Each structure stands twice: as C-alpha cells, then as structure tokens.
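Take a look at the structure set out below.
Just so it is clear, none of the values below were taken in a lab; they were calculated from the coordinates. These figures come from a predicted structure and were not determined experimentally. In this analysis, Cβ positions are derived from the backbone assuming ideal geometry, glycine residues included, and neighbour counts consider all displayed protein chains.
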Amino acid sequence: MVNRVALVTGGGRGIGRVIALGLAREGCHVAVGARTRGQVEETAALARDLGVRALAVDLDVTDGATLTPAVSEVIASLGPVDVLVNNAGIAESAPFNRTDPGLWDRHLRVNVTGPYLLTREVLPGMLERRWGRVINIASLAGLYGAPYVTAYTTSKHALVGFTRALAAEVSGKGVTVNAVCPGYVATDMVWNGARTIAARTGRSFEEAVEAMARINPGGRLVEPEEVAAAAVELVRNETINGETVVLDGSSPAPPRRHA
Ligand code: NAP
C-alpha cells in the first residue's frame, strides 16, 4: 500500500477522516475532499504528520462540473488515484409522508450519483494501470429496511447495487469494488440523529443514543476505526470483489483513537 494515492470523499470529519488517517498510517498519500474547507485542511495536516503527502480538496460530490478539475488537482499534486473511497454521505430521517421530493433527491444525489460520478473520473486510469480499489461506504441500511428512512435506505441499497454491478464488470482486471456496511457509527451523523429523536419524542439525547446503539445487532455503536480497518483491509486484499462487509458492533469495541 505504500505510496498508493487515495482520494477519500467526506474526509473532513467522522468516518472519512479516520479512513484517510488509517490509509496514511499504511503509507498511502491521501487527498481529502468535502465542502467544509477547514475540516479537510485539518485532516490533511494530520495525515502529513504521519509522514505522507496529503491534499485538501474543495469537493461537492453533487456538483458534476467541478469533479474533473478536482480529480485533476489530485493527480497533479499526488499522482494517479489508486484508491477511491466514496464515503461522503447524508442521512435525514422522516416518515414517508413527510419525505418530500427535495429530501429524496438530496439523498440520491449525494449518496448514489456522487459515487457514480467520481468513480467515472478515476476508473479508466485504474483499469489502464490494472490496479485500483473502489470502496463505497454504504450502510446496514443498504441491506435491510427500517422505518422513517426510506430515502436514505433507498440510496444505500442503490450504492450496494452499484458496487455489485461494477465489481462484476471489472472482475479480473486488477480493480476491485467493494462496500462497507456499518450499523450506527459514533459520529456527528448519529449525534444529529439522536438530537432529532430527542426533539420528536421527548427522550433525552443520551436515551436516544442508547436506543440507536441497541438497534445495532451487537448492541453498541460501531467505532469509526472499525470502518477504517475494513477499508484498509479491502485496499490490501487482491481478491475480494463485490463484497458487502458488515460491521454491526458484534465484536468487542476497539480503542478510540479519533478526536
Ligand atoms: P458525517 O460525520 O456527517 O460526515 C459526512 C461527511 O460527508 C462530511 O465530511 C461531509 O462534509 C461530507 N459530505 C456531505 N455531503 C457532501 C457533498 N455533497 N460533497 C462532499 N462531501 C459531502 O457522517 P459519517 O458518519 O462520517 O458518515 C460517513 C459515511 O458513512 C456516509 O456515507 C454515511 O452514510 C455512512 N454511514 C454512517 C453511519 C453512521 O451511523 N454514522 C452508519 C452507516 C453508514 P461537508 O459537509 O463538509 O461537505
């Protein structure tokens, strides 16, 4: 993995930041893209502290016109992209009758069309060089249904479908395409969800977090480090392709390393 170049979307915070730093620890040079400049710069600085080259990129995965220049900037600065981690994502809950077309479209654009557009940018080069990894951060919601999240669940099922179809297409060409499917992970996404639940139900924030943790089959929140470890393993592995790696909190929790 040393000297591979990885582009991690949504790498400014949460799971994306920990994945970027996990790859940096293995010797990958990392480009970190998202919309909040300060956060991506902070992740890039932390990666540099680990001794690799790193670049903060302004990236909105829904803004198709900006993706080609953004990827060109990564190639010019770090080299061709060997590893794409489609991690940027949004999650808003709503009962179906309040799932308006705006909320629906946002989920499909960020969680599905974004990964499709970025993969289009980097896959031709990977196939040419006969080496590449595309890792899509999906969700348990990409495999199972749950109430009040039709838009999110639909988008993550689509991302899993995208993973499987593309994996079949690139099979045997040196490129693998896999998905990681975590249950609830200890990041802002869960803290924001817990705030919404607390506001809607009158439960406390802590009770809402606890209720979300209990939904995970293992009864605890997944740690971002577990998602990062799975992503690193998928980069290292030559043969796993079209797989959905489930992280549901069943194993003992790893130590927290992130801020
Ligand atoms: P998070 O803390 O909210 O981080 C989301 C990241 O995505 C941020 O860096 C955000 O940056 C970026 N992002 C959002 N919209 C974007 C856009 N249009 N263009 C570029 N970047 C964008 O959430 P997280 O928990 O780390 O989630 C990361 C991924 O894991 C998501 O795909 C999520 O669906 C998935 N996941 C999370 C959980 C969970 O419980 N936390 C469980 C399963 C799967 P900006 O806002 O600065 O752009």
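On the basis of being within 14 Å of the chain's Cα centre (by Cα) and either more than 9 Å from the ligand (Cβ to nearest atom) or without any contact (Cβ under 8 Å) to a residue 12 or more places away in the chain (or both), does Gly22 make the cut? Show your work before the answer.
Details: within 14 Å of the chain's Cα centre (by Cα): yes; either more than 9 Å from the ligand (Cβ to nearest atom) or without any contact (Cβ under 8 Å) to a residue 12 or more places away in the chain (or both): yes.
Spelling it out, Gly22 is indeed within 14 Å of the chain's Cα centre (by Cα) and either more than 9 Å from the ligand (Cβ to nearest atom) or without any contact (Cβ under 8 Å) to a residue 12 or more places away in the chain (or both).
In segment 32-58, what residues are over 14 Å from the mean Cα position of the chain (by Cα) and under 19 Å from Glu121 (Cα atoms)?
If we filter segment 32-58 for residues that are over 14 Å from the mean Cα position of the chain (by Cα), which is where we start, we get 35-58.
Hits for segment 32-58 are Arg35, Leu55, Ala56, Val57, Asp58.
From the list Gly102, Gly183, Gly161, pick out the single residue that is of a type in the set (Gly, Ala, Ser) and over 17 Å from the mean Cα position of the chain (by Cα). If you could, list the steps in order and put the result at the bottom.
Numbers: Gly183 fails: over 17 Å from the mean Cα position of the chain (by Cα); Gly161 fails: over 17 Å from the mean Cα position of the chain (by Cα).
Result: Gly102 is the single residue among Gly102, Gly183, Gly161 that is of a type in the set (Gly, Ala, Ser) and over 17 Å from the mean Cα position of the chain (by Cα).
Please work out which one of (1) in a helix (DSSP H, G or I); (2) surrounded by 17 or more Cβ atoms within 10 Å (Cβ to Cβ); (3) within 11 Å of the ligand (Cβ to nearest atom); (4) small (Gly, Ala, Ser) is the condition Gly89 fails and give its number.
(1)
Is it the case that Gly193 is over 17 Å from Leu117 (Cα atoms), buried (at least 21 other Cβ atoms within 10 Å of the Cβ), touching a residue at least 60 places away in the same chain (Cβ under 8 Å) and not basic (Lys, Arg)?
Values: over 17 Å from Leu117 (Cα atoms): yes; buried (at least 21 other Cβ atoms within 10 Å of the Cβ): no; touching a residue at least 60 places away in the same chain (Cβ under 8 Å): yes; not basic (Lys, Arg): yes.
Against the criterion (over 17 Å from Leu117 (Cα atoms), buried (at least 21 other Cβ atoms within 10 Å of the Cβ), touching a residue at least 60 places away in the same chain (Cβ under 8 Å) and not basic (Lys, Arg)), Gly193 does not qualify.
Which of the numbered conditions does Arg164 fail, given that it passes all the others? Conditions: (1) out of contact with any helix residue (DSSP H, G or I) (no Cβ under 9 Å at 6 or more places or on another chain); (2) among the basic types (Lys, Arg); (3) within 12 Å of the ligand (Cβ to nearest atom).
For Arg164, the exception is condition (3).
Filter segment 7-19 for residues that are within 6 Å of the ligand (Cβ to nearest atom) and in contact with a Ser or Thr (Cβ under 9 Å, 6 or more places away or on another chain); which is farthest from Ala91 (Cα to Cα)? Talk me through it step by step, then tell me what you get.
Here is the first cut: in segment 7-19, the residues within 6 Å of the ligand (Cβ to nearest atom) are 9-10, 12-16.
Add one more test, that the residue is in contact with a Ser or Thr (Cβ under 9 Å, 6 or more places away or on another chain), and what stays is 12-16.
Details: Gly12: 17, Arg13: 15, Gly14: 13, Ile15: 14, Gly16: 15 Å.
That would be Gly12.
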